[in-house]
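Beneath this line is the structure, given in structure tokens, with notes to follow.
The values are calculated or read from the model by the stated rules, or taken from the named source; none is laboratory data. None of these values were measured; they are calculated from a predicted model. Heads up, the Cβs are rebuilt from the backbone with ideal geometry, glycines too, and the neighbour counts pull from every protein chain shown.
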């Protein structure tokens, strides 16, 4: 099983991501993912925690440690 996935930015009040764009992410344990930003899309500069497991199988992630709100969605496979 690969720990690589693509997640979609659905909200960004910080300006590091583009809403609607897909970003590569890597599962790092405990359900957390590391994701890059617009400056380094393939980087691992940010950690996002799962905040909602939806009935359709998708997962909502939120970047922590920032003042604003940044949300990503992992679509069902």
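Values as computed for the structure displayed
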item: Matching entry among 25, 49 (being modelled with pLDDT of 90 or more and surrounded by fewer than 18 Cβ atoms within 10 Å (Cβ to Cβ)); result: 49
item: Hits in the range 56-68 - residues which are closer than 16 Å to residue 34 by Cα and exposed (fewer than 12 other Cβ atoms within 10 Å of the Cβ); result: 65
item: Selection from the range 1-16 of residues that are surrounded by 14 or more Cβ atoms within 10 Å (Cβ to Cβ), closer than 16 Å to residue 66 by Cα and at pLDDT below 95; result: 14, 16
item: Selection status of residue 43, surrounded by 13 or more Cβ atoms within 10 Å (Cβ to Cβ), without any contact (Cβ under 8 Å) to a residue 40 or more places away in the chain and within 15 Å of residue 4 (Cα to Cα); result: yes
item: Of all residues in the range 18-36 being closer than 11 Å to residue 72 by Cβ and either in a strand (DSSP E or B) or in contact (Cβ under 8 Å) with a residue 12 or more places away in the chain (or both), the one that is farthest from the chain's Cα centre (by Cα); result: 21
item: Count of residues meeting criterion [closer than 17 Å to residue 14 by Cβ and out of contact with any strand residue (DSSP E or B) (no Cβ under 9 Å at 6 or more places or on another chain)] in the range 39-77; result: 3
